Each structure stands twice: as C-alpha cells, then as structure tokens.
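Inspection log for the structure reproduced underneath, given as structure tokens.
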Amino acid sequence: MPRYDFRTPRIYLDAPLAEAREVSLSREQANYLLNVLRLRRGDAVLLFNGRDGEWQAELTGAGKRALSAVPMKRVRPQPPPPDLHFLFAPLKHARLDYLVQKAVEMGVSRLQPVMTRHTQVSRVNLERMRANVIEAAQQCGILTPPEVADPLALRELIGEEDAGRLVVFCDEDAEIKDPVAALVSARGTLPLSVLIGPEGGFAEEERAALLKLPNVVRIALGPRILRADTAGVAALALVQAVLGDWRESSI
C-alpha cells in the first residue's frame, strides 16, 4: 500500500503548484475547509492538480470568505498517469454517482459513457460526473483525476477503438468460466479498456460487432446477474488484480 497522509484534507486545484506560490481557493472550497472542517488560517492542507504532484500547504488569506493556500513543500511526486479506460452505459443519478466514484478509486484514467440500444438514460450530466471525479480523487489519495469523455454511441466507439488496446468485454451471455483464467491468458503489455453494458444487456448485433475487435476478451462475472454499478466495480477489481496496477506499488 502506498504511504500517504490520510488525515490532512486534500484539495484539487486547476492551477500551477510550486513552492511559496500562493494559490486562491474557490468559495466552495473555502466554505468546506472553514465551515465544514472548521480549519483556520495557518492550518495544513494538501494540494494537487494532476500535474505537479502533491504539496503540503498552509491556509492563508484575508476576510471571512476569501481563502488561499501557500505550498510549502512537495510531499509526493507526480506518478506516471494510468492507462485504463472504463467504458459504460450511463445509469440514473445516484447509481451513476456511485459508479463514477468507485471507478476513480479503482484507478481508471478515462470515463467513457457509451450509448447502446438498451441504455435507459438518454442524457448524461458531464459536469456532475466531473464533480464526482474530483470528490473521489480528493478522498482516495490519487494524484491524477481521470478524464470525463463525451458520450459515444457504441458503434462509434467500436469504429474508433485502438487496435493496440485490449478490450475486456463483460457480457452476461458469455459462457460461465473462470474470468481470472481468461484474463491471465490475455496478459501482455497492451493498455486496457473495460466495457460494461446496460442493465438490459447488449443487443445481438452489438455483441457480434464487439467480438470482431482485434484484441478483445469476453468474460462473465459469475453465475448471478449483477446490477450495472456492481458489475463495473467487480470487473475493474478483476482487471486491476490480474492485469493492472494492483500488482504494483504506485498510484
């Protein structure tokens, strides 16, 4: 398990971070730190921006609502970005929030909503997804929040999918076999994509098109039908354990 500070509040900023370079915090961040966590000026926080590593900083600023922070020292360098794409049919509200948060914790680098024939949600609130990404990144200690991509139709995704990327395709109609063994047999050096379908499952023509991709592994997730959000977490855990960075020590 990587060593990092679990107790000091972590804040994501889309601003350069460098020693002694003061950065302004948003009103929402100031409210959270001052009124929710009851911190005071002079208290320590951790700052990260996805580029410059993690910095120990001191809260400063003037006025009741204005708040800034001064980075004092870098406590963790920026690690190499992960390369794990999570492709999923969007869900409704709270379940999508949960799925996004857990995908961030699992170490994905890209969240790609995929519209399939049986997808039950026609519109995706990308700003809400991005807010959930930042919240999860702050809580779980990662330094590179994943990208949130615009939704794509499955046919577009299949047409754009990189032949040099391994697609792990989770399908409730797949024959029940050992998914770990299937992943082990595909182990190599290719970057990874994990695809989870909608609650109604994939249409036959979608399944056929996916199976024509050059590097695809089709797996079942056990003998029970899983909810889509549960399936996403289960699939990412399997992939990270067998092919991903759970075999390494960095985040």
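List of remarks:
- For the pair Ser24 and Arg207 in one chain, pulling the backbone fully straight at 0.36 nm per residue adds 61.0 nm over the alpha carbon distance.
- Pairs of Lys residues in the chain are counted when their Cα atoms are under 29 angstrom apart and they lie 8 or more places apart or on different chains; the count is 4.
- Protection proxy ranking for 126-135, 97-106, using the average of other Cβ atoms within 10 Å per residue and placing the highest first: 97-106, 126-135.
- The chain: calculated mean residue ellipticity at 222 nm from DSSP helix runs of at least 4, using -39500 (n - 2.57): -8000 deg cm²/dmol
- Values of log10 I(q)/I(0), in the order q = 0.11, 0.17, 0.21 Å⁻¹, for segment 1-138 under a Debye, Cα-only, solvent-free model: -0.49, -0.98, -1.24
- Within segment 101-140: backbone nitrogen closer than 14 Å to the Lys92 label point (7 Å, Cα to C-beta): 119-123
- Over the chain: Kirkwood hydrodynamic radius from C-alpha pairwise inverse distances, Å: 19.6 Å
- Protection proxy ranking, peptides 198-208, 73-83, average beta carbon neighbours within 10 Å, highest first: 198-208, 73-83
- Highest mean first, the peptides 27-33, 233-239 sorted by other C-beta atoms within 10 Å per residue fall in the order 233-239, 27-33.
- Value of D in µm² per second that Stokes-Einstein yields for segment 92-192, Kirkwood Rh from Cα pairs, at 20 °C (1.002 mPa s): 138 µm²/s
- Dipole axis of segment 97-251 (+1 Lys, Arg; -1 Asp, Glu on Cβ), positive-most option in Ala174, Met115, Ala149: Ala174
- Angle in degrees between helix 228-242 and the longest Cα principal axis of the chain, rounded to the nearest 10: 90 degrees
- In order along segment 178-194, the phi-based Karplus estimate (6.51 cos²θ - 1.76 cosθ + 1.60, θ = phi - 60°) of 3J(HN,Hα) comes to 6, x, 5, 4, 5, 6, 4, 5, 9, 4, x, 10, 6, x, 10, 10, 10 Hz; Gly and Pro are listed as x.
Where a number appears in this text, it was derived from the coordinates with a stated rule and is not lab data. Small disclaimer: the values here were computed from a predicted structure and weren't measured. Here the Cβ is made from the backbone with ideal geometry for all residues, glycine too, and neighbour counts use every protein chain on show.
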